[in-house]
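Right, one structure below, let's go through it.
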Amino acid sequence: MSSPTTAAGRHFLFLVTSARRKGNSEHLARHAAAVLPDGCKQTWLNLADLPLPAFDDLRHASTEAWTPAIEGPARTLLSATLEATDLVMITPVYWYSLPAAAKLYLDHWSAWLRAPGWDFKTRMAGKTLWGISVYSDTDPRLAGPLRDSLQFTAEYMKMRWGGLLLGQGNRPGDVLGDHASIVAAGQFFLGPPAV
Ligand SMILES: Cc1cc2nc3c(=O)[nH]c(=O)nc-3n(C[C@H](O)[C@H](O)[C@H](O)COP(=O)(O)O)c2cc1C
């Protein structure tokens, strides 16, 4: 399999899910993205700009109930997700797991899986899911639930799991002082997907 660095035509969607702007996770993600070659398209979206409605679980309701058109931010996110070959979830550790905005986005996948005409599951299969995260702790085991959530999601969707890039920092910009994670960012997209 060719690596992302040689694969012109790949399209990375960077999805920022932090509850603050220009946070550590986005800083780390921009370092990782900086090494992508020109042939790789980058799209950056911030969930704060695309507020999703509360997720309504209509999976077992009548068909009419769950077939309304997907509109507004949900449509923008659904289209952007499907257009990407690589989905990069930029997710600081919140309570050992994903920020609420990231979780809500994934909850909406449950609706998108059933949305007529989108063929979501088939089209997601084979894409690569990556995670980029920062936490204030120092024990990487404490980011385990976040890592597992993303990796298991990739497996369920028959996506490749690219791996989690984890940095350390609390106040905005702290991660720039975490030399190890900044160095790791420069290599993150260069290797084969994690197993
Ligand atoms: C709601 C909330 C929950 C958090 N939970 C954790 C946690 O469980 N473990 C941890 O190490 N840091 C936790 N933090 C700290 C953040 O992970 C840390 O400040 C990180 O740098 C934030 O990333 P950002 O700057 O990209 O938003 C939490 C922060 C917030 C706001």
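The values are calculated or read from the model by the stated rules, or taken from the named source; none is laboratory data. Given the structure is predicted, the values throughout are model-derived calculations rather than measurements. A quick note on method: Cβ atoms are made from the backbone with ideal geometry, for glycine too, and the neighbour counts reach across all protein chains shown. Protein only, heavy atoms only, side chains kept; ligands, DNA and RNA dropped before computing areas. Shrake-Rupley method; radii C 1.70, N 1.55, O 1.52, S 1.80 Å.
Tabulated values for the structure
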read-out: Among (1) within 16 Å of the ligand (Cβ to nearest atom); (2) open to solvent by less than 70 Å² (accessible area, probe 1.4 Å); (3) not acidic (Asp, Glu) - the single one residue 115 does not satisfy; value: (1)
read-out: Candidates 118, 112, filtered to the one that is out of contact with any His (no Cβ under 9 Å at 6 or more places or on another chain) and more than 30 Å from residue 20 (Cβ to Cβ); value: 118
read-out: Selected residue (only one of 23, 72, 9 is at pLDDT 95 or above, more than 16 Å from the chain's Cα centre (by Cα) and among the small types (Gly, Ala, Ser)); value: 72
read-out: The one condition in (1) buried (at least 16 other Cβ atoms within 10 Å of the Cβ); (2) within 21 Å of residue 103 (Cα to Cα) that residue 155 fails to fulfil; value: (1)
read-out: Which listed residue, of 149, 181, 136, is exposed (fewer than 14 other Cβ atoms within 10 Å of the Cβ) and within 14 Å of the ligand (Cβ to nearest atom); value: 136
read-out: Tabulated pairs, the range 21-47, first over 12 Å from residue 173 (Cα atoms) and within 13 Å of the ligand (Cβ to nearest atom), second part of a loop (DSSP other than H, G, I, E, B) and modelled with pLDDT of 95 or more, C-beta under 7 angstrom, 6+ apart or interchain; value: 47/17
read-out: The range 81-106 residues that are within 18 Å of residue 158 (Cα to Cα), paired with ones that are within 12 Å of the ligand (Cβ to nearest atom) and part of a strand (DSSP E or B) (beta carbon under 8 Å, 6 or more apart); value: 88/132; 89/132
read-out: Meets criteria (touching a residue at least 12 places away in the same chain (Cβ under 8 Å) and either open to solvent by 70 Å² or more (accessible area, probe 1.4 Å) or more than 13 Å from the ligand (Cβ to nearest atom) (or both)) for residue 122; value: no
read-out: Filter result (out of contact with any helix residue (DSSP H, G or I) (no Cβ under 8 Å at 6 or more places or on another chain), open to solvent by 10 Å² or more (accessible area, probe 1.4 Å) and either of a type in the set (Ser, Thr, Tyr) or more than 7 Å from the ligand (Cβ to nearest atom) (or both)) within the range 78-99; value: 79, 80, 83, 85
read-out: Flag if residue 104 is surrounded by 21 or more Cβ atoms within 10 Å (Cβ to Cβ) and within 16 Å of the ligand (Cβ to nearest atom); value: no
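Yes/no matrix, rows are residues, columns are (1) modelled with pLDDT of 95 or more; (2) out of contact with any helix residue (DSSP H, G or I) (no Cβ under 8 Å at 6 or more places or on another chain); (3) of a type in the set (Phe, Trp, Tyr):
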residue	(1), (2), (3)
107	yes, yes, no
120	yes, no, yes
125	yes, yes, no
131	yes, no, no
135	yes, no, yes
140	yes, yes, no
144	yes, yes, no
147	yes, yes, no
